[in-house]
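Encoded as structure tokens, the structure appears first; notes follow it.
The values are calculated or read from the model by the stated rules, or taken from the named source; none is laboratory data. Treat the numbers as computed from the prediction; the structure is a model and nothing was measured. All Cβ positions, even for glycine, are placed from backbone atoms using ideal geometry, and neighbour counts span all protein chains on display.
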Amino acid sequence: MGAGQRDIRTLRGIGEQRAQALERLGIHTVEELLLHYPRSYVDLSAPCEIASAPFDEPCAVRAVVVKKGSETRIRGGLRMYKAVVEDDSGSLELTFFNNQFVLNTLSYGKPYLFYGRVGGALHNRTMSAPQIYPADTSTPFSAVYPLTSGISNRVLSGLVAQALALTPELPECIPPQILESFHLDGIARAVEMIHRPKDAEMLERAKRRLIFEELFTLAVGVGLLRTRIRQCSAAPMQPHSMQAFYDALPFTLTDAQQRAIDDLTSDMQRSTPANRLVQGDVGSGKTMVAVAGAYFAFLSGMQSAMMAPTELLAHQHYSSLEPLCSRLGMRVGLLTGSLTAAQKRKLREQLASGEIHFCIGTHALISDGVAFQNLALVITDEQHRFGVAQRTALQQKGAHVHTLVMSATPIPRTLALMVYGELDVSIIDELPPNRQPVKTYKISSGKRERAFGFIRQHLDRGLQAYIVCPLVEEDAEKENTGLRAAVGYVEELANGAFAGYTVGLLHGKMKAVDKERVMSDFSSGKIQLLVSTTVVEVGVDVPNAVIMMIENAERFGLSQLHQLRGRVGRGSEQSHCILLSDSRSLDTLERLQMMCRSNDGFQIAEYDLQTRGPGNFLGQQQHGLPSLRIADLSTDTDTVIEAKQAAEQVLTSDPDLSQPQHAALRAAVERLMEVVGERPN
């Protein structure tokens, strides 16, 4: 066994309790420890002057201590200590909580490096609980790791140092010709540099190599998956006239919707299964494409199924689509977890006999005991809420079924190649006529009361509104984060600015039945103002809701803000989105101004990708892809393109990775794709 595959318990200082804590981080072997990359770094390489230190961003300042304050007792039994430090440009007030020891270690007149976030005002700058280093420190970059209870950063850093000293043999999954072509370091050097960078250039080299490896492995896996799909066979459907479908609609489809329908029905007439992504902005009419596909399958005597992420959304789809389908002679069923046992049994019988032509449901569709007579088309709605494994489970209810994936999250085309590499893409880039663009404004908290008045004016006219918060509840351990929490805020609003109005609360920690009830009450108009977290991002269509106010808007990515904004503007009434933020970061202000300038989700997504860098462009779920250790599909578009080119080079010469030199690559691909229930057979 190589050093990399050693059990983690072979390192000094790891007993049973610590081993269990490491397991929570996914670390069982020395190799897994070395592949547990830092999430950030304490960068002391270029200290700022106090006067020019950026607000609200981690930075280091070099300064001397000129004053120490006495102990102050504050709420909750906390003890607070203050000190003042200076450099030639100005002074900075430091605050420490329950830590007199650190204050006692500071010597007057001696220079130190203080690392933290600068707050306060322009001429009265503050830093809370900074990390303190000697001014002449020899390690300008210190790794900060993802941690768990029982494992401190100091402990993890020590274990990594031990592991590196073992000079483990890590598998090299990038072929030599690719390393050379793209000027990449070997895996051993890159791993050492990511944990112990000597300077910024070394850190960037290590990151580039490791990010490239993950994206390359993913691209190879997606390439193999696409090849496997195209090797499957499906019974091609015969051409059918869709005129009856168009005649049954109470409106005219947009050209973009028409193109997407033509793409899908053409796919379904081929001998390989359709595997199509319909990507369109919020409210662009993707659901009509899905119904058209289900109707086309119905004309061929086949069944279709559509999986929605919530019961409420499934109910809404059923209520809105059943009358249309009924006019077309299609029988529609609704399968959700809340049905009684007798209702589920009857519905399962109707699906198995072919009596139901189109079934709309939730995860209940993929449960044991659900069988279709001849399932031909599977539709997943809001794909970023479902993993590939769930999509596959629904596909397996039929034999080589056609697949339609609908996503309301606009993704730049380059990124879509990687995220949905095994899918063909149709883009709906038009909104239905008579939709008014949502007017968007950025305000500071000083104008919050005016915004409340604006909301009340609309509620008084019988309209509805949302207020979105970044937190569910306040964290008692974190002092004065300045972030609004939905649970406390709803009481404040119901007893204050919105006393006399019906105010509801919605957040992700609520039981499913309670969430469904709240959204149903909001949908029916019983609730006038809904205070919510981002759980409302995938919500029902409430045309009467015309205002969305988003607290701490700087905490959200642009694509998420755009997705949230899509909850309003669903009817003919002019709708408004109010972004409330007190951030003084110029980058943040520019991002929020972009929201005010544009309603085009694709344009916003491109801007978010270019400017935000490593972050939450795709959210934690990576749109159903396996979680990646270091790569973020938004970090560097060029690396995504390079990795895809490299993958194509390898697969062209060795389509099934059977050659001996690709054994490590195949193993890496299998590990990555196994997470989502896909093995490249």
| Which pairs do you get when a residue that is in the same structural domain as Gly482 (by TED's automatic domain parsing) and in contact (Cβ under 8 Å) with a residue 24 or more places away in the chain, found in the stretch 428-453, comes within reach of a residue that is in a loop (DSSP other than H, G, I, E, B) and acidic (Asp, Glu), reach meaning Cβ atoms under 6 angstrom, with the pair 6+ apart or on two chains? | Ser444/Asp582; Ser445/Asp582
| request: Could you check, for the stretch 232-240, whether at least one of its residues is assigned to a loop (DSSP other than H, G, I, E, B) and buried (at least 21 other Cβ atoms within 10 Å of the Cβ)? | output: yes
| Selection count, the stretch 243-278, where residues are within 18 Å of Phe298 (Cα to Cα) and in contact with an Asp or Glu (Cβ under 9 Å, 6 or more places away or on another chain) | 4
| message | For the stretch 159-178, give me each residue that is surrounded by 14 or more Cβ atoms within 10 Å (Cβ to Cβ) and either of a type in the set (A, V, I, L, M, F, W, C) or farther than 30 Å from Pro660 by Cβ (or both). | response | Leu159, Val160, Gln162, Ala163, Leu164, Leu166, Leu170, Cys173, Ile174, Ile178
| request: Please go through the stretch 237-280 and pick out each residue that is in contact with a Lys or Arg (Cβ under 7 Å, 6 or more places away or on another chain) and closer than 14 Å to Ser426 by Cα. | output: Asp263, Leu264, Asp267, Val278, Gly280
| query | Name the residues in the stretch 222-231 that are surrounded by 15 or more Cβ atoms within 10 Å (Cβ to Cβ) and among the β-branched types (Val, Ile, Thr), would you? | reply | Val222, Ile229
| remark: Just one listed residue, out of Ala206, Ala219, Ala143, is among the small types (Gly, Ala, Ser), buried (at least 18 other Cβ atoms within 10 Å of the Cβ) and touching a Lys or Arg at 6+ places or on another chain (Cβ under 7 Å), and it is Ala219
| Cβ pairs under 9 Å, 6+ apart, first in the stretch 339-364 and assigned by TED's automatic domain parsing to the domain that holds Met306 and charged (D, E, K, R), second part of a helix (DSSP H, G or I) and surrounded by 16 or more Cβ atoms within 10 Å (Cβ to Cβ) | Lys344/Ala364
| Is it the case that the stretch 163-177 has a residue that's touching a Gly at 6+ places or on another chain (Cβ under 8 Å) and not in a loop (DSSP other than H, G, I, E, B)? | no
| task | Counting only residues that are touching a Pro at 6+ places or on another chain (Cβ under 9 Å) and either in contact (Cβ under 8 Å) with a residue 40 or more places away in the chain or more than 30 Å from Ala19 (Cα to Cα) (or both), give me the strands (runs of 3 or more DSSP E) lying completely in the stretch 90-150 with at least 1 of them. | result | 90-97, 111-121, 131-134, 141-144
| task | Filter the stretch 276-309 for residues that are closer than 29 Å to Ser367 by Cβ, surrounded by 22 or more Cβ atoms within 10 Å (Cβ to Cβ) and of a type in the set (S, T, N, Q) and give the result. | result | Gln279, Gln303, Ser304
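Matching residues to (1) at pLDDT below 90; (2) of a type outside the set (Ser, Thr, Tyr); (3) more than 30 Å from His36 (Cα to Cα):
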residue	(1), (2), (3)
Phe216	no, yes, no
Cys232	yes, yes, yes
Pro236	yes, yes, yes
Met242	no, yes, yes
Pro250	yes, yes, yes
| field | Test: Arg331 is charged (D, E, K, R), in contact with a His (Cβ under 7 Å, 6 or more places away or on another chain) and surrounded by 13 or more Cβ atoms within 10 Å (Cβ to Cβ) | value | yes
| query | So, in the stretch 16-64, of the ones that are touching a residue at least 24 places away in the same chain (Cβ under 8 Å), outside any helix (DSSP H, G or I) and among the β-branched types (Val, Ile, Thr), which residue ends up surrounded by the fewest Cβ atoms within 10 Å (Cβ to Cβ)? | reply | Val64
| field | Residues of the stretch 569-587 satisfying the condition of being closer than 10 Å to Pro437 by Cα and surrounded by 23 or more Cβ atoms within 10 Å (Cβ to Cβ) | value | Gly569, Ser575
| remark: Counting only residues that are of a type in the set (A, V, I, L, M) and farther than 20 Å from Phe454 by Cα, the stretch 485-537 contains a total of 12
| query | Hey, among the residues in the stretch 344-371 that are farther than 18 Å from Leu321 by Cβ and not in a helix (DSSP H, G or I), which one's modelled with the highest pLDDT? | reply | Gly354
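Here's the yes/no breakdown for (1) out of contact with any His (no Cβ under 8 Å at 6 or more places or on another chain); (2) of a type outside the set (Val, Ile, Thr); (3) modelled with pLDDT of 95 or more; (4) closer than 21 Å to Ser407 by Cβ:
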site: Thr534; (1), (2), (3), (4): yes, no, no, yes
site: His562; (1), (2), (3), (4): yes, yes, no, yes
site: Gly569; (1), (2), (3), (4): yes, yes, no, yes
site: Gly601; (1), (2), (3), (4): no, yes, no, yes
site: Arg612; (1), (2), (3), (4): yes, yes, no, yes
site: Gly615; (1), (2), (3), (4): yes, yes, no, yes
site: Gln620; (1), (2), (3), (4): yes, yes, no, yes
site: Leu628; (1), (2), (3), (4): yes, yes, no, yes
| request: Considering only the stretch 534-567, state which residues are of a type in the set (Ser, Thr, Tyr) and either more than 22 Å from the chain's Cα centre (by Cα) or surrounded by 22 or more Cβ atoms within 10 Å (Cβ to Cβ) (or both). | output: Ser559
| task | Mind counting the residues in the stretch 90-125 that are modelled with pLDDT under 95, surrounded by fewer than 17 Cβ atoms within 10 Å (Cβ to Cβ) and under 26 Å from Arg584 (Cβ atoms)? | result | 7
